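The values are calculated or read from the model by the stated rules, or taken from the named source; none is laboratory data. None of these values were measured; they are calculated from a predicted model. Note: ideal-geometry Cβ built from the backbone for every residue, glycine included; neighbour counts use all protein chains shown.
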Amino acid sequence: MTDKKFKWGILGPGRIAHAFAEGLQVIDDASLFAVASSKIERAKEFADQYGGAKTYNSYEALVNDPEVDGVYIATPHRFHFENIMLCLNAGKPVLCEKPLTVNAAEAKKLIETAHEKKVFLMEALWTRFLPIYEVVRGWLDEKSIGDISLMVGNFGFNAPKEKDDRWQNPELAGGTLLDMGIYPISVSQWAMRSQPKSFMSMAHIGNTGVDELTTVLLKYENDVIAQFHSSFMSNHINDFVIYGSKGHIRIHPNFWGASKATLTVNDQELAVSRPLRASGFEYQTEEAMRCVRAGLLESPGISHADTLANMELMDAIRAEIGLKYPFEK
Ligand SMILES: NC(=O)c1ccc[n+]([C@@H]2O[C@H](COP(=O)([O-])OP(=O)(O)OC[C@H]3O[C@@H](n4cnc5c(N)ncnc54)[C@H](OP(=O)(O)O)[C@@H]3O)[C@@H](O)[C@H]2O)c1
């Protein structure tokens, strides 16, 4: 912690931006400094809920505010590329919601720009920074479950069916893979500390043209397999289980925001809990602040290489399941 508060600005104060703002409230050396929305009333209402902040009706104005130390982007993925580019060109460090972009070509361009301009850029894959994941990392590194053979993850819920909703809308890069499938992909990549070598996928494409159910098998080195399902069609048991030669680790529902995990070896269970201080977003935010203050351009916790590999994998899966967005054609 330092004496100087890190002043955050938010672009797009919609649904998920609240989790970011709640997280900020438990970080002593950070403040919600500015909020920008296309509708100034929305920015004002949002700022008022968190004790007030400067408000802007243009994203450009916020990123050009010299007092803003970093920008959190919470718009739908379709807009991440242009929003991040705006920040990088203004020299503002960026923490952007997942997925970083809609496809790998966009992600590559942004990563190159971040390096050229020497500006920090991080995908907000908050799961990797949750305290319970440190516990799981310890178990994996100690080989408590022996050699990993299989990982199984689920992210499914009954989503709204309205076409205009972000989830169902192909113009907003809707669908389960980019929105939810990214979590089990990212957690398996994190567990293996490597990228998958091959994959197989199947999907159900719904009436609006986005994937409402996607199933993927990933094969890592030594034939370790990861299987996941992402769905808008039913409520799943949203856990993530890592199986090894001596036992297994269960990261409890919802695994992407978990505070509990259980290690089972020889039928003996060790259940561990690491309660969140607030929404759970506080840990990724602290990591972004630590990196910016240390002069880093990326977080080792979710490196540019990991983000790019995930985007390339999701491009390939989308090609296999036949999911191309209208604006990509
Ligand atoms: N980390 C997580 O757990 C988590 C959870 C949910 C979502 N997310 C991610 O967060 C991002 C935003 O999701 P959300 O559900 O919070 O979005 P949202 O509430 O639908 O929209 C957030 C903001 O984006 C802008 N926006 C929305 N629709 C737009 C449109 N059609 N055209 C232009 N701007 C539009 C608006 O900004 P203005 O106020 O400026 O108009 C809105 O306030 C997504 O990329 C999603 O993947 C992450």
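Within segment 1-41, the set of residues being farther than 12 Å from residue 53 by Cα, within 16 Å of the ligand (Cβ to nearest atom) and either part of a helix (DSSP H, G or I) or at pLDDT below 95 (or both) comprises 17, 18, 19, 20, 22, 23, 24, 40, 41.
For every residue, the table says whether it meets (1) assigned to a strand (DSSP E or B); (2) in contact with a strand residue (DSSP E or B) (Cβ under 9 Å, 6 or more places away or on another chain).
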position: 209; (1), (2): no, no
position: 215; (1), (2): yes, yes
position: 230; (1), (2): yes, yes
position: 234; (1), (2): no, yes
position: 237; (1), (2): no, yes
position: 241; (1), (2): yes, yes
position: 250; (1), (2): yes, yes
position: 256; (1), (2): no, yes
position: 263; (1), (2): yes, yes
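Within segment 95-123, which residues are of a type in the set (A, V, I, L, M, F, W, C) and either surrounded by fewer than 24 Cβ atoms within 10 Å (Cβ to Cβ) or more than 13 Å from the ligand (Cβ to nearest atom) (or both)? Even if it seems obvious, please write down each step before you answer.
Of the residues in segment 95-123, the ones of a type in the set (A, V, I, L, M, F, W, C) are 95-96, 100, 102, 104-105, 107, 110-111, 114, 119-122.
104, 105, 107, 110, 111, 114, 119, 120, 121 - these are the residues of segment 95-123 that are of a type in the set (A, V, I, L, M, F, W, C) and either surrounded by fewer than 24 Cβ atoms within 10 Å (Cβ to Cβ) or more than 13 Å from the ligand (Cβ to nearest atom) (or both).
Let's see how each residue does on (1) in a helix (DSSP H, G or I); (2) outside the structural domain of residue 253 (by TED's automatic domain parsing); (3) within 16 Å of the ligand (Cβ to nearest atom):
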| position | (1), (2), (3) |
| --- | --- |
| 153 | no, no, yes |
| 159 | no, no, yes |
| 163 | no, no, yes |
| 168 | no, no, yes |
| 171 | yes, no, yes |
| 179 | yes, no, yes |
| 185 | yes, no, yes |
| 188 | yes, no, no |
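Residue count for segment 42-69, restricted to those that are in a loop (DSSP other than H, G, I, E, B), among the aliphatic types (A, V, I, L, M) and within 15 Å of the ligand (Cβ to nearest atom): 1.
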